[in-house]
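> Quick one: this structure, given as structure tokens, is what I'll be asking you about.
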Amino acid sequence: MTSSGTPSTTKETLSNVNVTAALDVEGNVPLKSVQIDGLVVLKIIKHCREFFPNPVTGQLLGLDVNGVLEVTNCFPFPGSKADDENELVDGARYQVDMMRCLREVNVDNNTVGWYQSTYLGSFVTHKLIETQYNYQQTFNNKSVVIVHDVSRSTHGNLSLRAFRFSQAFMEAQKESKFTTESLIKNKLTFSNIFEELPITVKNSHLMTALLHSLDDYEHIIPKTTLDKETVVSPLSPNFDTLELSLDPYIEKNLEFLLEAVEEHTQEQNTYTFWQRNVGREQAKMQSALQKRKQENSSRQASGLEPLPEDDILKMYKLPAEPSRLDSLLITAQINNYCKQLNQYSGPTLGKFFMAGELQK
Amino acid sequence: MSIDAATSALHLSFPPTTATGFVVPQSRSFTVSVNPVVLFSVLDHYLRRQEKQHRVIGTLLGVRSEDGSEVEVRNCFPVSHDETDNQVAVDMEYHRNMFELHKKVNAKEVIVGWYATGSNLNQWNALIQDFYSREVMPPFQAIHLTMDTDLKNDDKLLGVKTYVSAPIGISAKPENCLFLPVPCDVKYFDAERSGLDLLASAKNDTDRSTSLFSDMDNLEKTIKAVFEMLERVTDYVNKVLDGSIPADNTIGRFLMDTISVVPKIDKVEFEKMFNGHLQDLLMVSYLANMTRTQLAIAERLQLLV
């Protein structure tokens with residue numbers, strides 16, 4: 001925290017801004033944005049690239065100040081081969097050890113979330129939900145997951161997105177009840193599972209100096225053996241974005257989309273099946289109830305005690321509603337794919353017409 | 001571990017040429033390439049140094065080519081050390097622990113050397129170099145990378161230099177060593193490119209921060225850059241035609257090459273291809289939009305039930 005003095009004596013002297021910062025220690029200010037250090041961006045990219053296309057995860061370290069989550073460092077988690085008990089214990093020990101080691105060299109020792117790599121935006125999974133729920137539960141809602149899409153980033157534009165769960169989803173997950181009723185109660189739909197937080201990237205002064213130095217590439221690293229012509233500055237303009245081959249990207253995206261739609265249909269089928277079952281059971285119950293009533297009226301006519309109606313209600317048990325979480329996630333995923341396709345097609349149209357002009 | 005300084009330390013900081021009289025162990029050409037993430041990590045470590053600490057050191061991790069002539073420094077981690085006028089102590093325990101932890105994530109990366117900030121090499125460098133020489137698998141050599149965070153050189157730039165060491169003297173002593181500069185290169189992968197671009201876009205900003213671009217913005221930026229380059233080339237060609245600048249054969253050849261890269265496609269053929277792809281793209285985007293609308297309707301209905 002920026003102001004860590006004893007609150008009782010120093011609070012009066014603090015300016016308005018600092019008071020909120022001091023109050024923030026209790027975690028009252030909700031997160032509004034995420035600010036990432038340049039180093040973290042590079043570290044995440046490096047880790048994700050090395051294990052591409054396998055998904056990887058890692059821990060984010062930093063502080064939250066006045067609703068801005070500052071991510072100043074991160075470290076990768078070892079890839080899990082099997083999720084048996086041993087692995088989990090190892091993972092936990094690794095985390096503790098790493099945090100202790102980093103603290104010794106003055107790295108921020110505060111977990112603020114985790115990152116994950118993804119392929120074409122297919123990140124809305126059960127695993128992510130569980131992990132993020134744990135994080136948000138443990139760290140008082142002040143934790144985000146940063147999703148890095150390697151395949152999109154190679155197209156020349158970095159794809160980093162920060163998410164956290166909405167309050168509605170947290171409540172629903174807490175009860176771990178995803179029935180139609182509870183979804184309506186929490187006003188939960190696929191579009192408000194996550195809250196996306198805007199990301200800004202900040203470099204330290206020294207890093208800015210380094211970037212300027214990299215511009216002057218020949219000065220920073222004296223060339224002795226290589227001839228000058230082959231020297232290309234690392235910051236020379238990048239024209240990857242102008243790449244025209246769009247087929248593989250769209251193809252893969254559509255493929256994923258189809259898969260998701262298929263899963264969705266399956267979910268729908270399960271749901272209608274359940275509905276039909278409920279209907280059938282209810283019809284059965286109604287007819288039994290009717291019968292009992294008739295019987296009772298005839299018994300009453302002949303002067304006998306009416307039979308109770310409660311046991312019929314007990315006899316027919318309505319099947320439990322299947323969890324709607326899956327279908328919720330799948331719809332969110334479909335929405336994601338569609339958004340991506342749209343986002344991609346816009347610039348590509350532009351590129352097309354540019355290529356068309358070039359041919360004239 | 002504390003390494004006591006020997007009083008008879010012979011310290012040669014920067015030999016300009018290979019001195020005669022001893023054998024350089026690795027006479028093959030030797031190159032080092034550094035991943036940008038290493039440079040950024042070093043700076044971050046330097047920023048977070050202890051008070052009154054003048055410089056920081058750490059371990060470099062990376063991979064070697066099979067014959068050992070190329071070393072790629074891919075990662076690094078800081079190591080705490082303590083340095084006074086007559087003694088230097090490196091936290092070896094810490095170094096080992098960290099290395100074990102790193103090995104769990106990426107087993108391919110091995111210790112290749114160490115880094116330090118500051119531009120000058122002193123007798124402590126020789127001692128630490130001796131320690132790291134034993135850490136890397138023999139017969140390979142430890143690489144020493146320095147970064148000039150004091151900006152005291154003539155260019156006022158963060159100079160990056162790499163060295164290997166050679167023993168010197170009649171009897172080998174750890175504190176006697178000769179640092180030989182080796183060529184070094186910054187190398188990154190395609191995926192890292194976009195990240196680096198983003199960081200670079202913040203370098204001229206006063207508050208040193210930037211937000212992520214959308215694909216469209218990025219494309220616009222790139223197209224603008226292309227336009228600028230085209231204008232520069234046109235300008236140059238016009239000037240040559242005017243005779244105000246003498247023609248340069250090399251540039252001419254480059255221009256020729258560039259122009260010949262534009263593929264010659266039959267006009268009808270191109271039209272067909274263009275329209276085909278355009279229709280595909282529009283179709284896909286239309287369908288995607290429709291799916292999203294469907295989802296949106298479903299969402300509304302769901303809440304109404």
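> What is the set of long-range amide H partners of residue B:143 at a cut-off below 5 Å, with H atoms built 1.01 Å from backbone N?
Amide H neighbours of residue B:143: B:113, B:114.
> For the pair residue A:247/residue A:130, report the inter-label distance in nm, with labels modelled 7 Å from Cα in the Cβ direction.
It works out to 4.0 nm between the two label points.
> What are the ³J(HN,Hα) couplings of region A:105-111, residue after residue, when phi is run through the Karplus curve with 6.51, -1.76, 1.60 and θ = phi - 60°? Round to Hz, x for glycine and proline.
Using θ = phi - 60°, the values come out as 9, 6, 7, 3, 10, 9, 6 Hz.
> At residue B:286 and residue A:339, where each label point lies 7 Å from the Cα along Cα→Cβ, what is the point-to-point distance in nanometres?
Between residue B:286 and residue A:339, the simple spin-label model gives 2.5 nm.
> Give the A-B buried accessible area in Å², both sides summed, 1.4 Å probe, nearest 100.
The buried area between A and B, both sides summed, comes to about 8900 Å².
> Taking each residue of B:288-294 in turn, how many C-beta atoms of other protein chains fall within 10 Å of its C-beta, and what is the average?
Neighbouring Cβ atoms belonging to other protein chains average 6 per residue here.
> Could you tell me the distance between the Cα centroids of region A:289-349 and region A:141-213, to the nearest Å?
If we compute the Cα centre of each part, the gap is 33 Å.
> Same structure, new question: Could you work out the mean count of beta carbons from other protein chains within 10 Å of each residue's beta carbon in B:255-267?
Partner-chain Cβ atoms within 10 Å, mean over residues of B:255-267: 1.
> Still on this model: Within 10 Å of each Cβ in B:30-38, how many Cβ atoms from other chains are there, averaged over the peptide?
What the average comes to for B:30-38 is 3.
> Let me ask something else. So, R0 is 51 Å and r is the distance between the beta-carbons of residue A:179 and residue A:295; what FRET efficiency does that work out to, to 0.05?
0.90
> Keeping all protein chains in place, calculate the accessible area per residue for region A:33-207 (probe 1.4 angstrom), answer in Å².
Heavy-atom accessible area per residue stands at 39 Å².
> What FRET efficiency do you get for residue A:288 and residue A:52 if R0 is 56 Å and r is their Cβ-Cβ distance, rounded to the nearest 0.05?
Computed FRET efficiency for residue A:288 and residue A:52: 0.40.
> Still on this structure, please answer the following. Out of every Cα-Cα pair in region A:45-146, what percent are more than 17 Å apart?
57
> Quick one: what are the phi-derived ³J(HN,Hα) couplings along region A:60-66, Karplus 6.51/-1.76/1.60 with θ = phi - 60°, whole Hz, x for glycine and proline?
9, 10, x, 9, 10, 10, 6
> How much accessible area per residue does region A:240-330 have, counting only protein heavy atoms and a probe of 1.4 Å, in square angstrom?
68
> Let me ask something else about it. Show me the ranking of peptides A:41-53, A:190-202, B:275-287 by mean Cβ neighbours inside 10 Å, starting with the highest.
Ranking the peptides A:41-53, A:190-202, B:275-287 by packing returns A:41-53, A:190-202, B:275-287.
> Along the Cα→Cβ direction, 7 angstrom out, place labels at residue B:242 and residue B:51. What is the inter-label distance in nm?
Going from the residue B:242 label point to the residue B:51 one covers 6.2 nm.
> Order B:211-224, B:34-47 from most to least packed using the mean count of other Cβ atoms within 10 Å.
Most protected by this proxy first, the peptides run B:34-47, B:211-224.
> Which residues' amide hydrogens lie under 5 Å from the amide hydrogen of residue B:33, considering only partners 5 or more residues apart or on another chain, with H built in the peptide plane?
Long-range HN contacts for residue B:33: B:71, B:72, B:73, B:185.
> Which shape class applies to region B:31-191: rounded if a/c is under 1.5, otherwise prolate when a/b exceeds b/c and oblate if not, where a ≥ b ≥ c are the square roots of the Cα gyration tensor eigenvalues?
Here region B:31-191 falls in the rounded category.
> Output the pairs from A:202/A:351; A:46/A:202; A:202/A:252 with a Cα-Cα distance over 23 Å in this structure; if there are none, say none.
A:202/A:351; A:202/A:252
> Which ³J(HN,Hα) values, rounded to whole Hz and listed in residue order, are derived for region A:35-49 from phi using the Karplus coefficients 6.51, -1.76 and 1.60 in 6.51 cos²θ - 1.76 cosθ + 1.60 with θ = phi - 60°, glycine and proline given as x?
My calculation for region A:35-49 gives 10, 10, 6, x, 4, 5, 4, 5, 5, 4, 4, 4, 5, 5, 5 Hz in order.
> Moving on to the next point. Which FRET efficiency, nearest 0.05, do residue A:273 and residue A:139 yield, Cβ-Cβ r, R0 51 Å?
0.80
> Next up: List the residues whose amide H sits under 5 Å from the amide H of residue B:211, counting only those 5 or more places along or on another chain, with H placed 1.01 Å from N in the peptide plane.
Close amide H contacts, sequence-distant or interchain: A:201.
> Select from region B:213-228 all residues whose loss of accessible area on going from the chain by itself to the full protein assembly reaches 50 Å² or more (probe 1.4 Å).
Residues shielded by partner chains are B:215, B:218, B:219, B:222.
> Given the pairs A:32/A:127; A:32/A:174; A:185/A:284; B:187/B:221, which are separated by over 27 angstrom at their Cα positions?
Violating the 27 Å Cα-Cα cut-off are A:185/A:284.
The values are calculated or read from the model by the stated rules, or taken from the named source; none is laboratory data. Here the structure is a predicted model, which means the values were calculated and not measured. In this analysis, Cβ positions are derived from the backbone assuming ideal geometry, glycine residues included, and neighbour counts consider all displayed protein chains. Remember, those area values only see protein heavy atoms, side chains included, never the ligands or the DNA or RNA. Shrake-Rupley method; radii C 1.70, N 1.55, O 1.52, S 1.80 Å.
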